[in-house]
Amino acid sequence: MMGSPTACTHPPVTVVLMPPWEAYDVDYYAQRIAEPGLLSESFAVRMMRMPLLALRVGGTRRGGYYPVPCPDFALAVRDALQGRPGYPHLRMRRSTRPYENYVVEWGERPPTLWPDADDAAVGRFYGYSEAAIAQYTAAQHAREPTTAATSCSVFLPERPLV
């Protein structure tokens, strides 16, 4: 039964909300978010053993999401954040990204994320600073393969896996 909360086979789900500075990825957000004040009003969400930041909406940040492995965890994360300031319109869905299974989202509906995303628009939607967006887009363009012919091969160069 795909998508059924009872279809997951794992121990009972426990989700714990913790102070934001307990999140493993809090430094990542602190360096990139346009409004760092949102950090202190957010939560580290621990499921299994590793707490990750669930950054609230506010100011220029219009939406957020938290990736989870299955519907049981999605329901538990959604329920833990329900009714808390900065987490409006909580919902869960299957992810459209190839490396995630499900996500819990809050705030406005995000712009197109995969595969035809406008990186700058997505970055602004999630409240990243202009400097962080510029750094990310520059790195993405540096990874794109060139189409200039360097040999007589009919095969294009492979895209780096980084």
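Observations, loosely collected:
- Residue in region 27-37 that is out of contact with any His (no Cβ under 9 Å at 6 or more places or on another chain), crowded, with 18+ Cβ neighbours inside 10 Å and farther than 14 Å from residue 126 by Cα present: no
- Residue match in region 71-83 (condition: under 27 Å from residue 136 (Cβ atoms), crowded, with 20+ Cβ neighbours inside 10 Å, touching a helix residue (DSSP H, G or I) at 6+ places or on another chain (Cβ under 7 Å) and modelled with pLDDT of 95 or more): no
- Residue within region 68-75 that is among the aliphatic types (A, V, I, L, M) and over 22 Å from residue 14 (Cβ atoms) present: no
- Complete set of residues in region 24-46 that are touching a Ser or Thr at 6+ places or on another chain (Cβ under 8 Å) and not basic (Lys, Arg): 33, 34, 35
- Restricted to region 98-114, and to residues there that are surrounded by 13 or more Cβ atoms within 10 Å (Cβ to Cβ) and of a type in the set (D, E, K, R), the residue that is modelled with the lowest pLDDT is 100.
- Strands (runs of 3 or more DSSP E) contained entirely in region 1-89, each with at least 1 residues that are of a type in the set (Ser, Thr, Tyr) and under 23 Å from residue 110 (Cβ atoms): 63-68
- Where a residue in region 71-96 is among the acidic types (Asp, Glu) and its partner, wherever it lies, is in a helix (DSSP H, G or I), with Cβ under 8 Å and at least six apart: 72/5
The values are calculated or read from the model by the stated rules, or taken from the named source; none is laboratory data. Worth saying up front: this structure is predicted, and the values here are computed from it rather than measured. Please note: Cβ atoms are built from the backbone with ideal geometry, for glycine as well, and neighbour counts cover all protein chains shown.
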